[in-house]
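**Student:** Okay, here's the structure, questions in a sec.
The values are calculated or read from the model by the stated rules, or taken from the named source; none is laboratory data. Since we're looking at a predicted model, the values are computed, not measured. Positions of Cβ are backbone-derived with ideal geometry, glycine not excepted, and every protein chain shown enters the neighbour counts. Quick note on the areas: whole protein, heavy atoms, side chains included, nothing else; ligands and nucleic acids left out. Shrake-Rupley method; radii C 1.70, N 1.55, O 1.52, S 1.80 Å.
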Amino acid sequence: MNISWLFKMALRDSRTNKGRLLLFMSSIVLGIGALVAINSFGENLRNQIENEAKELLGADLEVSSRTPINDKVRARFDSLNFETSEEISFASMAYFPKNGGTRLVNVRALESGFPFYGTIETNPVNGADGIANSNKALADQTLMLQFDALPGDSVKIGKVSFDIAARVIKVPGRSAITTTVAPPVFIPFKSMEATGLLQLGSRMNYKIYAKYPDNFDPKKFDTFLKPWLETTDLDFDDVGQRKESIGDAYSNLTGFLNLTAFVALILGCVGVAGSVSIYIKEKVKSVAVLRCLGATGKQAMAIYLIQVVIMGFIGSVIGAALGAGIQFLLPGLFSDFLPVTVGVSLSYSSIIQGILLGVIAALLFALPPLLRIRKVSPLKAIRASFESETTAKSPYFVYFLILIFILSFSWIQLDNLFRAAIFTAGLLIAFGVLAGVAKAIIWLVRRFFPTGSSFVLRQSLSNLYRPNNQTLILIVTIGLGTALIATLLISQELLVDKLKFSSASTDRPNMVLFDIQSNQLDSVEKLVTTSNFPVLGQVPIVTMRLESVKGRSASELRADSTSEVSDGMLNREYRVTYRDSLTDAEEIIEGKWNGKHIKGEPIYISMDEGFAERMDVTVGDELVFNVQGALMKTTLGSLRKIDFQRVTTNFLVLFPEGVLENAPKFHVILTRFKNPDESAALQSKVVAAYPNISIIDLELVLNTVDEVLGKVSFVIQFMAFFSIFTGIIVLLGSVLLSKYQRIQESVLLRTLGAQRHHIIRINLLEYLILGSLAALTGIFIALIAGWLLAWLSFDTVLTPNLLLLLIMYLAITGLTILIGLSNSRDVLRKPPLEILRRE
Amino acid sequence: MPQNSILQVSNLTKTYKSGESSLTVLRNVSFEVNRGASCAIVGPSGSGKTTLLGLCAGLDNPSEGSVMLNGIVLDKLSEDEKAKVRNQHVGFIFQNFNLLPTLTALENVMIPLELQNRSHPRKRAMELLEKVGLGDRVKHYPAQLSGGEQQRVSIARAFANEPAILFADEPTGNLDGETGATIESLILELNKTAGTTLIMVTHDLDLAKRTDRVITMKNGKVYTDSLRPLQTQ
């Protein structure tokens, strides 16, 4: 095959078609742009995590525990010449005397030294210097903003009032979003005792940060330090592990974003397939002539294949350039979610990958129409009406390749074959439903054609099934775009509604007071009731650890790599309550719940079904708990299904009455306030009298979650933008391409005397039907997806916002009509012959 | 096949099937055409002329019978092999010119030469266009040429690969009388000087009379086959 001739022919033929070829390739531009932007951003993020790995941890090694760390660890670190810095962190109330404001914060009592790598960014700068040896605190900047506090003001933590030295802007390894719920307040480690908060029952988190001496090879960590640490109850993290876990979390994020971009690309490719199909239909005559002149079927196909590849390449290059530009927006967009500051630099590998992906995708989707060229009979040159006797077979292997392409891409992004298969199947089903609707419409209109109806109706209806109709391509592309956007909107609503439902109900608690000591309980209850707040619940909490499961000790299970029981289950602090009955959020699904322990019988406890499954225990199994020193043998008596979405205190492990009454415990009181002023007043009173008690204001949590969701949904909307605009470009492309087919018919109608309003009404009706069907089917698919999400993920009932969906339907149908009508503008304005000559 | 014969058609039958029904448009047609001869195929619409031309040129496969073109039996060849035969031995002139609309006149003429990998296709195409009187219109696109000019380009293209046999399908059918007459003369003259065999389907009996032989088709069969009509009259 003479390759240079094929290229020459491809270029010659494209000279007069450049605009149209570029038009259909433009539909992949946004998809590629989004992919290149996300991938570049992901690579920069990875590099940054790699470069700042030590700063992310702030040390070489971090060990942590819910109980005070054993001196053996300190001795071991000393013997290795590690430089160490200790931290105790816990949730507590911060009180701002300046205006009486209180809020639950994350108190971090720090020794000097930390962070060994990186800095705590503050305003004024260097505000963190010497803090550990002073009597000053550092407070989160959003917290200070909330209470109008300035450096120099004071904040009270427990019994101690600290001067605020500076606002905290960024802490190593933390993203802004993680500090939203409980903003951090740093205090000197030496002042911890004086706060009076280090009491039994308070949920403390103890940490030792270590810095290796210069001569310590970090690899030694794996060979001898790690095995030793594994024999203790401690959690630990070194730079390598931290890097890996952060890297994994963010590769999940970029994977998800990439899939959203990929959907935009696929949508664009469907557009390419449709446009190429129309383009090829117009080229049939030329192909037949070429074949008469001696070109083989393969040569003829190669000419148009080259055009598609070149245009796919140009489209991808433009997309990649756009992506390189969009990349500049991403660090700003994601700044709240990231633990590192990501710079912007061109990632050549992402650009090359994007271009390659664009060319492959465009080629794969263009192949089915292109393959038809091989079968064009030369006889078409002398007989326009000639139809090949052997109808071209559907190129199933190409469809198979497309499927493999989508599956492999999503597999790479999701790193999970099952999820990739679900994604591919979902996309396939959506395509199937849309294509099915289009085919059904074509069939129905033909079958039940209203022969007696008006001229305009007959014309527009027959446009739906006549040769070269756009029914399939428009319904699939517009419908898929609609489905995608509507699904995003529905799931966002589901999430927010779910939370609102929890807090809006008037008889449910919206404030939780916890860490109440037993000797404080009566007086706190009195304070609440005398302040005219209802006590909606009072729950005792006993902390304990797991000692053994089914006769195997925790250390034995930890050492057994085949054990189902995770380290997290063995190391965690169990916060357990006891009562004689179940709440309305609980339901026994296996075994029997007996609310009172009978002396002499085993202690029958109840466990959350999912948790029990993860621990691989079932009714009848034996579990031994260590209740602050005392071992307690229990038997799993029942499994409960718990509705964790309910705002109430939920417990994975539940004891019956008559066992834990004398164990050291603390209490939780649930109440409800009517307005923020009431809430603030009660919080101030409680914190002033009982500094150790922490208060969660659920309204505040809800607002915070709303804020977080707002940021998340902005990111999702930003990504959906690519799909929406790709949908519009595809729509524009297919309508404009059809212009070349439709214009002749419209001109002919004009020549035969059709008036302006005839043409407008024919087009309007046709695009109204197409736009409506596509939008409705898309919304229908989104509702199914939303229903599945509600059922499987959110465990709730879907109550779609019909107004929102109606607006969406109107907008999409309106847009389709608008673009469709713009098509016939020329026909309406200019004399028929002028248009025919020009076309 | 006798040495002097360039086209041998034997017992050619063509039936089109559409679902249950079938339509036979050619029935048992046989004839031979000598090298260098000119032959017109005439007959009413639907008599099978164009189908016969398509089969002779290897554009379609017969239901029965065979075609031997320049010593090559077409029905045993694959589509690609037939394309090669067309490129090397056959030229075409169509009723509706069939120029590639996206290519200039010159590029249209160059195609058969380029497909053969011939050297200097541009020079040869220029010569041919000058021969048909379009030396000054080489860079024009088909849409910028008149019907007569388009047919001249088509003739130049047909002779570009120096074909052994030229198939013309109603070459003057879309042209007015005067232009048609000029095109007729051009085809016959080039045919004579190049020594090409000419097989032409036409409705125009005057044009048919200017060829060496007239085959009349009726209902898919050869109705009459008269050699040298001008001499026999």
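**Student:** Confirm whether A:GLY31 is open to solvent by 40 Å² or more (accessible area, probe 1.4 Å) and either within 27 Å of A:LEU346 (Cα to Cα) or within 14 Å of another protein chain (Cβ to nearest Cβ) (or both).
**Tutor:** no
**Student:** Pick out the one residue from A:GLY127, A:GLY173, A:GLY201, A:GLY113 that is at pLDDT 85 or above and in a loop (DSSP other than H, G, I, E, B).
**Tutor:** The match here is A:GLY113.
**Student:** Next question. Within the range B:65-82, take every residue that is away from chain A (no Cβ under 14 Å) and of a type in the set (D, E, K, R) and give me the one that is most open to solvent (accessible area, probe 1.4 Å).
**Tutor:** That would be B:LYS76.
**Student:** Shifting gears a bit: Kindly provide the set of residues from the range A:267-291 that are in contact with a Leu (Cβ under 6 Å, 6 or more places away or on another chain), surrounded by fewer than 24 Cβ atoms within 10 Å (Cβ to Cβ) and either of a type in the set (S, T, N, Q) or within 14 Å of chain B (Cβ to nearest Cβ) (or both), ordered by number.
**Tutor:** Within the range A:267-291, just A:SER286 meets the criteria.
**Student:** I've got another one for you. Just to be sure, is A:LYS665 closer than 18 Å to A:GLU573 by Cα, of a type in the set (Lys, Arg) and out of contact with any helix residue (DSSP H, G or I) (no Cβ under 8 Å at 6 or more places or on another chain)?
**Tutor:** no
**Student:** Select, from B:PRO62, B:PRO112, the only residue that is closer than 23 Å to B:VAL25 by Cβ and either of a type in the set (D, E, K, R) or within 14 Å of chain A (Cβ to nearest Cβ) (or both).
**Tutor:** B:PRO62
**Student:** Criterion first (modelled with pLDDT of 90 or more, open to solvent by less than 40 Å² (accessible area, probe 1.4 Å) and either closer than 30 Å to A:TYR279 by Cα or hydroxyl-bearing (Ser, Thr, Tyr) (or both)) does B:ALA156 satisfy it?
**Tutor:** yes
**Student:** May I pose another question? Given (1) surrounded by fewer than 22 Cβ atoms within 10 Å (Cβ to Cβ); (2) within 14 Å of chain B (Cβ to nearest Cβ), identify the lone condition not met by A:ILE303.
**Tutor:** The single condition A:ILE303 does not satisfy is (1).
**Student:** Identify, from the list A:THR232, A:THR254, A:THR260, the residue that is part of a loop (DSSP other than H, G, I, E, B) and in contact (Cβ under 8 Å) with a residue 40 or more places away in the chain.
**Tutor:** A:THR232
**Student:** State whether the residues of the range B:83-90 include one that is open to solvent by 20 Å² or more (accessible area, probe 1.4 Å), within 13 Å of chain A (Cβ to nearest Cβ) and of a type outside the set (Lys, Arg).
**Tutor:** yes
Results for (1) in a helix (DSSP H, G or I); (2) open to solvent by less than 80 Å² (accessible area, probe 1.4 Å), shown as yes or no for each residue.
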{"position": "A:ASP214", "(1), (2)": "no, no"}
{"position": "A:ASP217", "(1), (2)": "no, yes"}
{"position": "A:PHE221", "(1), (2)": "yes, yes"}
{"position": "A:PRO227", "(1), (2)": "yes, yes"}
{"position": "A:PHE236", "(1), (2)": "no, yes"}
{"position": "A:GLU244", "(1), (2)": "yes, no"}
{"position": "A:ALA249", "(1), (2)": "yes, yes"}
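**Student:** Can I ask one more? Filter the range B:99-124 for residues that are under 19 Å from the mean Cα position of the chain (by Cα) and either of a type in the set (Gly, Ala, Ser) or open to solvent by less than 10 Å² (accessible area, probe 1.4 Å) (or both) and give the result.
**Tutor:** Answer for the range B:99-124, where residues must be under 19 Å from the mean Cα position of the chain (by Cα) and either of a type in the set (Gly, Ala, Ser) or open to solvent by less than 10 Å² (accessible area, probe 1.4 Å) (or both): B:LEU100, B:ASN108, B:VAL109, B:MET110, B:ILE111, B:PRO112, B:LEU113.
**Student:** Shifting gears a bit: Which of the residues spanning the range A:766-811 are in contact with a Gly (Cβ under 6 Å, 6 or more places away or on another chain) and among the hydrophobic types (A, V, I, L, M, F, W, C)?
**Tutor:** Residues satisfying the conditions are A:ALA774, A:LEU798.
**Student:** Search the range B:129-144 for residues being closer than 27 Å to B:GLY54 by Cα and within 14 Å of another protein chain (Cβ to nearest Cβ), and hand back the single one that is surrounded by the most Cβ atoms within 10 Å (Cβ to Cβ).
**Tutor:** B:PRO142
**Student:** Residues of the range A:1-20 being within 11 Å of another protein chain (Cβ to nearest Cβ) and either modelled with pLDDT of 85 or more or crowded, with 22+ Cβ neighbours inside 10 Å (or both), which ones?
**Tutor:** A:SER4, A:TRP5, A:LEU6, A:LYS8, A:MET9, A:ALA10, A:LEU11, A:ARG12, A:ASP13, A:SER14, listed by residue number.
Conditions (1) farther than 25 Å from A:LYS243 by Cα; (2) hydroxyl-bearing (Ser, Thr, Tyr); (3) open to solvent by 20 Å² or more (accessible area, probe 1.4 Å), marked per residue:
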| residue | (1), (2), (3) |
| --- | --- |
| A:THR67 | yes, yes, yes |
| A:ALA75 | yes, no, yes |
| A:ASP78 | yes, no, yes |
| A:THR84 | no, yes, yes |
| A:SER89 | no, yes, no |
| A:MET93 | yes, no, no |
| A:PRO97 | yes, no, yes |
| A:ARG103 | yes, no, yes |
